[in-house]
1. I'd like the antiparallel share, as a percent to the nearest 5, of DSSP beta bridges with both residues in the stretch 4-171.
2. Compute the length gained on full extension between Glu265 and Ala130: take 0.36 nm times their separation in residues and subtract their Cα-Cα distance, giving the result in nm to one decimal.
3. Can you sort Trp277, Trp138, Trp101 by 1.4 Å-probe accessible area, starting with the largest?
4. With springs connecting C-alpha atoms under 10 Å apart, model the chain as a Gaussian network and identify which of Arg222, Arg199, Arg24 has the largest mean-square fluctuation.
5. Pull up the DSSP beta bridges for the chain and report the antiparallel fraction as a percent, rounded to 5.
6. Between His178 and Val227, what is 0.36 nm times their sequence separation minus the Cα-Cα distance? Round to one decimal in nm.
7. How far, in nm, would the chain grow between Arg76 and Asp297 when pulled straight, counting 0.36 nm per residue and subtracting the alpha carbon separation?
8. Once you sort the root eigenvalues of the Cα gyration tensor of the chain as a ≥ b ≥ c, which label holds: rounded (a/c under 1.5), prolate (a/b larger than b/c) or oblate (the other case)?
Amino acid sequence: MTTTCGFVAIVGRPNVGKSTLMNRILGQKISITSRRPQTTRHQVLGIKTEGDVQAIYVDTPGIHLLEKDRNKAINRFMNQAATQALRDVDCVVFIIDRTRWTAEDQVVLERLAHVKAPVILAVNKVDRLADKASLLPWLEDVGARRDFAAIVPIAAKQGTNVPELEAEVAKYLPESIHYFPEDQVTDKSQRFLAAELVREKVMRQLGDELPYQMTVEIEEFRDEGRVVHISALILVERPGQKKILIGDSGERIKKIGREARLDMERALGSKVMLNLWVKVKRGWSDDERALKSLGYDLD
Ligand SMILES: Nc1nc2c(ncn2[C@@H]2O[C@H](COP(=O)(O)OP(=O)(O)OP(=O)(O)O)[C@@H](O)[C@H]2O)c(=O)[nH]1
Ligand SMILES: [Mg+2]
């Protein structure tokens, strides 16, 4: 009996729906999502095993333009993490948002220039296309930008055409033994997921005020069987941000905690006691050493 197994990088500029697509394919929340750009910061594997076929998807941070003088170490980290994911993959899914082509899409296309693996273009969010008739000429137009292995219009959020995209991907998975046991869905720990879920709730509630000047560290993760005790520290850059995060008489932080806890309970399948703390740590997002100690480490 032959089995197939391979790595599939999901790349694109921020906010096009990479993590939404991965979660849809896996049928559960593996990677956090929000309306704000730069939600994903690390490579996250989503492993899908169906019979003889194992597809290992690699969700990546959105590749973005670094602003002159304003680019922080964390932005360089995110772009590097995304580019690194393109090494040694068997197939790439390059996502764009409907019928728009931006300077950042162009940057992604240029990063793909040296990639030998087949690149499938996924045109996402077609559910929001006001003028459906514009799609066909657009597919022809983008199709001329590179020799894509396939072009698939999808709506990741609703799942439209996602099985068709997976079928295209399956064509490029080589014959190989499976690298992961069939019940493993990600390479990340429960601890990592817990931190990410807190970050997701903060991003969803206050993305505009705190784009990337916030990170989450798990200080305690104690599994007592029926209850998991989790303490998470939210680090911000400035005292003003701490105030916003806590909100009037702690309303906002309570809401963030409640939502994060419910998601954690769903993911862990047990009761969770969650404690949240907010601390100001100036300069962490532009300090290579601080970043490393906070888990932003490419090695
Ligand atoms: N209408 C619609 N919205 C979508 C679709 N796919 C994703 N979205 C929304 O687009 C936003 C961004 O989705 P993400 O999956 O976080 O995007 P991303 O590419 O992972 O973004 P970064 O991690 O920041 O690079 C979220 O609000 C999603 O709900 C879709 O097919 N249709
Ligand atoms: Mg993402």
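1. 30 percent
2. 44.8 nm
3. I get Trp277, Trp101, Trp138, largest accessible area first.
4. The residue with the greatest mean-square fluctuation here is Arg222.
5. 35 percent
6. 14.3 nm
7. Here the answer is 78.4 nm.
8. It is prolate, given that a/c is not under 1.5 and a/b is the larger ratio.
The values are calculated or read from the model by the stated rules, or taken from the named source; none is laboratory data. Predicted model, so just to flag it, every value in this text is computed and none were measured. Positions of Cβ are generated from backbone atoms using ideal geometry, with glycine treated the same way; all protein chains shown enter the neighbour counts. Heads up: the accessible areas ignore ligands, DNA and RNA and are worked out on the full protein's heavy atoms, side chains in. Shrake-Rupley method; radii C 1.70, N 1.55, O 1.52, S 1.80 Å.
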